[in-house]
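Written out below as structure tokens is the structure these notes cover.
Every read-out reported here was derived from the displayed coordinates using simple, explicitly stated rules and does not represent laboratory data. From a predicted model like this one, the values you see are computed outputs, not experimental measurements. We place every Cβ from the backbone using ideal geometry, glycine too, and count neighbours over all the protein chains shown.
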Amino acid sequence: MPPAASPVPPSAAAAAPAADDSSAANAVVVLGGRYELGAMLGRGASAKVYQARDLVNGGDVAIKSFPNPGSGGGGAIEREAAILRRLRHRHVVRLHEILGTRKKVHFVLDLASGGELFSLVDASGRMAEPLARRYFQQLISAVRYCHSRGVFHRDIKPENLLLDANGSLKVADFGLGTIISPNHSNPPQQQQHTLCGTPAYVAPEILAKQGYDPAKVDLWSCGVVLFVLAAGYLPFNDASLVNMYRKIYAGRFRCPPWFSRELRDLLRRILDPNPATRVSADGILSHPWFRGGASEGELADLMRDEDEEEEFKEEEDMMGREMTAFDILGFSPGSDLSGMFGAGPGRERVFVGEPAAKVMGRVEEVGRKAGFQVRKKEGKAGNGGGGGVVFVESGNGGVVAKVIVFRIAEEVSVVEVAKGHGDEAARFWKEWLEPAMKAPAAAL
């Protein structure tokens, strides 16, 4: 059976405040001086989602809160931020900004105040075909757009299909998504091998563990969603997970008698266990059931992309690589995420967009050019390993600076400098190390 419909989330004013871990139970929590947290809407494996009120414009938003990347989730946060930053579509939940505190990273997102899509099913637990068609059209519009931007969801299921205040579909939760840039040297159809997705919605080629086209995987999941909308139950279901997987792998399902002939035909084309012959997104668009009598102009309007602002269009250079923590910092107008790694008295910290090992070498080189003796101790400073400590010493053995390099991500490091006493230490930081950390490596 489809999941139970979620109620419309309560308003922030009526809900008990959901606070940061360090806050008192009844305290009002305001993030970035702008967003007043309200009720918790949901909890996942890596994040919690809250309703919040924008104190500037009075509107409601959703806040998705992750633990500090230093506690082990930095890569997943960067990936989801990279995905959401690429997308501007009326049927995809939009990322507005990223905020940071010492304990958490917060995504400010569209609030899907209409709850889950299944809140619209009738008493029989299903939708009439015209209504199912309407939402399936919105889903395919969103998925085609995501694919055109190099984004593949890989976990399309009812829990991730929400409704906004106007009753329009919003695709959410790209936590299992992946990016294959349209400008990548490999074709968009390059094979993926990561096992992901929800069992009842997973495509058979994922079960085969032989590599898969993520676009075809997304379309399979869309087909399962369509079946559930119109039937009120899953096409592949069994008390035994092994038996269910056998049915999926064979593409063995039966349509209920109330399905129209055209809907049956479309579902058999989408839920084709052979990805090579499975219908493409363009094939879905041309199918009579999907069109529902719409003209070419009407269909084009249904499938149109969001009008993208010029600033967003100019960010195409971001499409060729994964987003790093450095990029996340640049997408955080409301706060300074470097506060999550804030230094104490007598210390300085800077972000460097290079691997930790390379930064270690640069620190060592700068120390020697400045005329000091250098000792280096490589270790596992920071999350994920890498980094280490460089001791910069004067001729008499006094410590001018202790430089610790933390690995935050593959291409992002944090340099913490514990300065020694006296003018020599201050001069080394201001005249040598700080400019070197902020300058391109070629400038050294």
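What the table below lists for this structure:
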{"read-out": "Pairwise FRET efficiency - N57 versus K377, Cβ, R0 = 56 Å, nearest 0.05", "value": "0.65"}
{"read-out": "Approximate spin-label separation S260-D164, in nm, with each point projected 7 Å along Cα-to-Cβ", "value": "2.7 nm"}
{"read-out": "Chain lengthening between R246 and E298 when straightened (0.36 nm per residue, less Cα-Cα)", "value": "14.7 nm"}
{"read-out": "Amide proton proximity set for E378, modelled H, under 5 Å, gap of 5+", "value": "V389"}
{"read-out": "Label-point separation, Q210 to T198 (7 Å along Cα→Cβ), nm", "value": "2.8 nm"}
{"read-out": "Linear extension gain, E364 paired with S280, 0.36 nm per residue minus alpha-carbon span", "value": "24.8 nm"}
{"read-out": "Evaluated at q = 0.14, 0.15, 0.17 Å⁻¹: base-10 log I(q)/I(0), Debye formula over Cα of region 125-306", "value": "-0.75, -0.87, -1.14"}
